[in-house]
Amino acid sequence: MYPRVIIDPKKYAYNVNYLVQKAQEKNITVMAVSKVYGADKELINILNQSEVDFIADSRIRNLKKIKTTKPKVLLRIPQISEVDDVVKFSDISLNSEIETIKKLNEAAQKINVIHKVILMFDLGDLREGIYYADFNTEIITEISSLKKIELIGIGTNLTCYGGVIPSLETYQKLADIKEKIEKELNQKLKIISGGNSSSISMLLKGELPSFINNLRLGESLIVGRETAYQKQIDNLYDEVIVLEAKIIELKTKPSYPEGEIGFDAFGRKQKYQDIGKIKRAILAVGKQDVDHNDLIAPPGVQIIGSSSDHLIVQLEEDLYQLDDIITFKLKYGGVLSLMNSEHVEKIYV
Ligand SMILES: Cc1ncc(COP(=O)(O)O)c(C=O)c1O
């Protein structure tokens, strides 16, 4: 069945082992993020066979189905309504709200487990976390009083909303918070989670401050890309997962629409360029499966646009026939939507 994705677990294993080794050289543990591929069983098996330290996902539904002996981490700040599932299906969760942590404590009490918490700090990227400048140790005292919660560490998330690139200056804010908390607790925190694939550049250059001992990695493992500068990481595969789609129409047509031009199928005004008649193919894949901006076309193929079920491309003459398959490499967003779509078949090599 098409469209389908071709998944190469061996290439994923290679990327995972490469970056885990680089992290280990700096005494950094790795949380491998599985949400981007919907916690696919075969890829989780690769993580199980690797030296990755934790498996992390933003969705409880995924954590529930993951079979592993490694600790499971809930990446997204929990919803209060899901605390019972959080303590049941994850060992560790990232948190920023004391009210939620208290509810996690109650939920953990019900099933008599200790739930581990990483307290998140916002260093200026303005996504999740206690804003660093507003931090005081009151929340630490409150967490310490909770019998079924263990504060195992602190973390931060960068280059997500605000696009803030990790730097020594930014990390100093986390170092100050770490010191304050350790002084208050009179003990060392076990985990200082310094960020995501945007910290890879500092890791590989040996520039990450030594107090950081954990990274949470998704994109770099699955598409071999660091996200601070959007650069491909040397030696890593960018085609762990590719898309195959079939040509259902192949015609030469004008490049500029005829008639009064209003909106497209998504209510948007598009700009069209008149470059005369072009060889145009329609493929049986659309926005319902993937945003066409997240596809990387092979040579001779140029993506023009898409609607919910159709992808339109311009082709070099005689490159493809009707019913041929075109294979696309994927950006992160492409992996995310295709792997989480039930309309797309998953094939393993
Ligand atoms: C809290 C958190 N940490 C880490 C990650 C992984 O980010 P990346 O895919 O850039 O490595 C994500 C996103 O998946 C996240 O939400």
In Å, descending, principal axis extents of the Cα set of segment 241-348: 44, 34, 20
Mind listing the phi-derived Karplus ³J(HN,Hα) values for segment 163-175, rounded to whole Hz, using 6.51, -1.76 and 1.60 with θ = phi - 60°, and x for any glycine or proline? x, 6, 7, x, 8, 4, 5, 5, 5, 4, 4, 6, 4
Quick one: which residues, 5 or more positions from S306 or on another chain, have an amide H under 5 Å from its amide H? H modelled 1.01 Å from N in the peptide plane, none for Pro or chain starts. I312
Nearest 500 deg cm²/dmol is fine: what mean residue ellipticity at 222 nm does the chain get from its DSSP H runs of n ≥ 4 alone, each adding -39,500 (n - 2.57), divided by its residue count? -8000 deg cm²/dmol
My understanding is that a pair violates if its Cα-Cα distance is over 18 Å; which of K41/K190; K253/K331; K116/K188; K271/K331; K26/K190; K35/K65 do that in this structure? K41/K190; K253/K331; K271/K331
So if I take the centroid of the Cα atoms in segment 176-228 and the same for segment 272-318, what is the distance between those two points in Å? 40 Å
Taking amide H positions as placed in the peptide plane 1.01 Å from N, state which residues far from G155 in sequence (5 or more) or on other chains have amide H under 5 Å from it. L119, M120, F121, S193
What are the ³J(HN,Hα) couplings of segment 54-70, residue after residue, when phi is run through the Karplus curve with 6.51, -1.76, 1.60 and θ = phi - 60°? Round to Hz, x for glycine and proline. 9, 10, 10, 8, 8, 10, 4, 3, 6, 4, 4, 8, 6, 9, 7, 9, 7
Applied in sequence order to segment 83-95, the curve 6.51 cos²θ - 1.76 cosθ + 1.60 (Karplus, θ = phi - 60°) yields integer Hz couplings, x standing for Gly and Pro, of 4, 4, 6, 4, 6, 6, 10, 10, 8, 9, 9, 8, 9
K41 paired with S81, simple spin-label distance in nm, labels 7 Å along Cα-to-beta-carbon: 3.0 nm
Roughly speaking, what is the stretch gain from Q49 to Q24, that is 0.36 nm per residue apart minus the C-alpha to C-alpha distance, in nm to one decimal? 7.4 nm
Report the FRET efficiency, 1/(1 + (r/R0)^6), for L126 and T69, where r is their Cβ-Cβ distance and R0 is 41 Å, rounded to 0.05. 0.70
List the residues whose amide H sits under 5 Å from the amide H of E249, counting only those 5 or more places along or on another chain, with H placed 1.01 Å from N in the peptide plane. I282
How much length is gained on full extension from M1 to L185, taking 0.36 nm per residue of separation minus their Cα-Cα distance? 60.5 nm
Can you give the longest stretch of the chain with no exposed loop site, where a site means chymotrypsin sites (Phe, Trp or Tyr not before Pro) in a DSSP loop (not H, G, I, E or B) with at most 14 other C-beta atoms within 10 Å? 1-160
Note down the nm distance, to one decimal, between modelled labels 7 Å out along Cα→Cβ at S308 and at I296. 3.1 nm
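Out of segment 211-305, which trypsin sites (Lys or Arg not before Pro) are coil in DSSP terms and have no more than 13 other C-beta atoms within 10 Å?
Values: sites: R216, R225, K231, K246, K251, R268, K269, K271, K277, K279, R280, K287; in loops: R268, K269, K271, K287.
Qualifying residues, ordered by number: R268, K269, K271.
Bear in mind these aren't lab numbers, they're just calculated from the coordinates by the rules spelled out. None of these values were measured; they are calculated from a predicted model. Reconstructed Cβ throughout: ideal geometry from the backbone, glycine too, with neighbour counts over all protein chains shown.
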